[in-house]
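> The structure follows.
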Amino acid sequence: MKIELSVDGGFARLPGLAKPVTIDSATLPAARGAALATLVARARFFDATPTSPSPAARDARTYTIAIDDGARQRALCVAEPIADPSMRALVDAIVACTDDARRGTA
Amino acid sequence: MTDASGRCACCAIVPPKVLRHIARRGTAAQRDAALATLATEATHRLTRATAQSLGSGAARAAYAGASAAPVKSRTIYDVAHRTTLPGKIVRSEGQRATRDAEASEAYDGLGATFDFYWQAYRRNSIDDAGMALHASVHYGRKYDNAFWDGRQMVFGDGDGDLFNRFTSSLDVIAHELTHGVTGDEVNLTYLGESGALNESISDVFGSLVKQWAKRQTAAKADWLIGAELLTSKVQGVALRSLKAPGTAFDDPVLGKDDQPATMAGYVETSADNGGVHTNSGIPNHAFYLAAAAIGGYAWEKAGRVWYETVRDKRLKPAATFAQFADRTIVNADHLFGGTVKTAIAGAWQAVGVAISAP
């Protein structure tokens, strides 16, 4: 499963953190890759409704997540604050993986 | 003669036009009193209009007490690393501090910002009508951000690797609260130039609150935003610099500060609502140049002109840099006259914003 994350906006909007990062669950430790797959399923990623930032929100982030699991492909926009705990858990896990990839600590 | 808040008691019946003349031509004491009264006038106008619309004795009584110093109403919530706002109340107004550093910093930071707006501009909270202040801390896990959701402030803990907790910088707290002020006044559209103005106004008053709290002159201030946020691992001094946009950081992970200081470097992009956190460097730098040229405490003159411009009914939500600049020049002339007006006009010209105000 390949996952690409782009983060837009935010008070700390910084060029290095705004670049899209792609991770491949096949290259992650097995447990981490399996956990990601579970979170994708729990969040019903391929059926979830995209969300837009509140018109009154300022400095909130929008995450664009593209996932290719071999059988399906989808890009989904998720705006903060993320109310769905399952989607929040998925975003947190992807952000953690991409942060590690960006810092070379994966 | 002054009242308990230091305002000129007789100024309460003096027309604004005359007050503006006093502010320009009077002695130092007369000018201070006239400016304080002009600042309070907006608060009274709102309260007075409300009282008149209600027409009740209770409303008139409320108006009679409106000149007293306002009372803060802060509530801090702990989201406990989840994201469902606002979370559990951990401190309300007047309660003792807890051991939670983020909650304490948020409480104190909201208090400092509230006090700044009242003492510098006689503004009573975000809506100039005593709005309660709400902030949530410990949002998400290792969350590297702070935001205003349209009703309250939200702060993450930072990842501890590149970012410290987002309550650690007073200017960040003031930045987010100022989004509420701007939203209550002109509500600049969060896109392109008007969005960059929206961001810049939050940076300007974020920096001014820090300067005011430290009693720093324009010459002594660091003009940095988020200096306390970055850990020692980051090659940089802050997230942004009003004094020198584009120089705040240059780091292998965070990248290089890409804020332009002048219109020659304006970034055309679809990202970040048209670069609202990037192109804000241009009006940020204009404010710095104006404040540096005027000298003294930046919140007194340059800040006052910017504040009155945010409140200026002739400023529209889709304002461009040039339209905002023109209003600052008109307001500078009304409030302070030639020297300040010239300094502000020079600052806008230096950053390449074409002005048309006479």
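> Within region A:43-76, can you find the residues that are within 11 Å of chain B (Cβ to nearest Cβ) and among the acidic types (Asp, Glu)? Full working, then the answer.
In the first step, residues of region A:43-76 are kept if they are within 11 Å of chain B (Cβ to nearest Cβ); the result is A:53-62, A:64.
Of everything in region A:43-76, just one residue is within 11 Å of chain B (Cβ to nearest Cβ) and among the acidic types (Asp, Glu), namely A:Asp59.
> Inspect all residues belonging to region B:347-355 and state whether any of them is of a type outside the set (A, V, I, L, M, F, W, C) and buried (at least 20 other Cβ atoms within 10 Å of the Cβ). Can you show your working first?
Filtering region B:347-355 for residues of a type outside the set (A, V, I, L, M, F, W, C) gives B:349, B:352.
Pick out the ones that are also buried (at least 20 other Cβ atoms within 10 Å of the Cβ) and you get none.
For region B:347-355, residues of a type outside the set (A, V, I, L, M, F, W, C) and buried (at least 20 other Cβ atoms within 10 Å of the Cβ): absent.
> Can you name the condition, by its number, that B:Pro260 falls short on among (1) more than 14 Å from chain A (Cβ to nearest Cβ); (2) within 22 Å of the chain's Cα centre (by Cα)?
Unmet condition: (1).
> Could you identify the single residue in B:Asp115, B:Asp100 that is under 17 Å from B:Ser202 (Cα atoms) and surrounded by fewer than 20 Cβ atoms within 10 Å (Cβ to Cβ)? If you could, list the steps in order and put the result at the bottom.
Working: B:Asp100 fails: under 17 Å from B:Ser202 (Cα atoms).
The unique qualifying residue is B:Asp115.
> Criterion first (touching a residue at least 60 places away in the same chain (Cβ under 8 Å), crowded, with 16+ Cβ neighbours inside 10 Å and in contact with a Lys or Arg (Cβ under 6 Å, 6 or more places away or on another chain)) does B:Leu85 satisfy it?
no
> Looking at B:Asp149, B:Asp144, can you tell me which residue is closer than 22 Å to A:Ala57 by Cα, of a type in the set (D, E, K, R) and either in the same structural domain as B:Thr309 (by TED's automatic domain parsing) or touching a residue at least 24 places away in the same chain (Cβ under 8 Å) (or both)? Walk me through it before giving the result.
Working: B:Asp144 fails: either in the same structural domain as B:Thr309 (by TED's automatic domain parsing) or touching a residue at least 24 places away in the same chain (Cβ under 8 Å) (or both).
So the residue among B:Asp149, B:Asp144 that is closer than 22 Å to A:Ala57 by Cα, of a type in the set (D, E, K, R) and either in the same structural domain as B:Thr309 (by TED's automatic domain parsing) or touching a residue at least 24 places away in the same chain (Cβ under 8 Å) (or both) is B:Asp149.
> Within region A:81-106, which residues are over 8 Å from the mean Cα position of the chain (by Cα) and among the small types (Gly, Ala, Ser)? Spell out how you get there, then give the answer.
Start the filter on region A:81-106 by keeping residues that are over 8 Å from the mean Cα position of the chain (by Cα), which leaves A:81-89, A:96-106.
Result: A:Ala83, A:Ser86, A:Ala89, A:Ala96, A:Ala101, A:Gly104, A:Ala106.
> Further question: Which of (1) more than 9 Å from chain A (Cβ to nearest Cβ); (2) among the charged types (D, E, K, R); (3) more than 15 Å from the chain's Cα centre (by Cα) does B:Glu185 not meet, given it meets every other one?
Condition not satisfied by B:Glu185: (3).
The values are calculated or read from the model by the stated rules, or taken from the named source; none is laboratory data. Everything numeric in this text was worked out from a predicted model, so none of it was measured. Virtual Cβ from ideal backbone geometry, glycine too; neighbours counted across all protein chains shown.
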